[in-house]
């Protein structure tokens, strides 16, 4: 199990300031969100992921098993989640006992690749990925991915 939230201390100080702690935790959330999106792309492309390192086991298993029927057809996705996304973080970054919610909005421009190698364009769509992170466990505990209404 990998620790999402690092314990960072200022040089020569026993405890970091509230601002330093908030910034470090925000950076930790950004890092785990990027890692999750990268692994999600790997998953839909048919590659192994590292979900087990930072996603609770039941959720990691659900993510993998939900994509398996699609991949068993021989098809896969060529993931393209756009050049940037917008992230909103909610929760008390100073309290390690309170779960943190991160919501990432991005444009999915992925292309489906058939078992025969044909590329099948899919419509661009705006996606909203919401994840809940338990700072005490250092794990993602819940995930939701939905297409945003146009």
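Bear in mind that the values in this text are calculations on the coordinates, not laboratory data. This one's a predicted model, so the numbers in the text were calculated from it and none came from an experiment. Cβ coordinates were reconstructed from backbone atoms using ideal geometry, including for glycine residues, and neighbour counts include every protein chain displayed.
Against the chain, whose longest principal axis comes from its Cα atoms, helix 18-44 is set at around 20 degrees. Using only Cα atoms, tell me the angle between helix 57-72 and the longest principal axis of the chain; keep it within 0 to 90° and round to the nearest 10. Approximately 20 degrees, to the nearest 10.
Placing R0 at 25 angstrom, the Cβ-Cβ distance between residue 65 and residue 30 gives a FRET efficiency of 0.35 after rounding to 0.05. Sorting 129, 59 by the number of Cβ atoms found within 10 Å of their own Cβ, with the fewest placed first, yields 59, 129.
Considering segment 1-135, its Cα convex hull presents a mean projected area of 9.5 nm².
Counting DSSP beta bridges in the chain, what percent are antiparallel, to the nearest 5? Given both bridge residues lie in the chain, the antiparallel proportion sits at roughly 95 percent. Taking the helices alone, the chain has a mean residue ellipticity at 222 nm of -10000 deg cm²/dmol, built from -39,500 (n - 2.57) per DSSP H run of at least 4 residues and averaged over all its residues. Model label sites at residue 145 and residue 22, defined 7 Å from Cα along the beta-carbon direction, differ in position by 3.2 nm.
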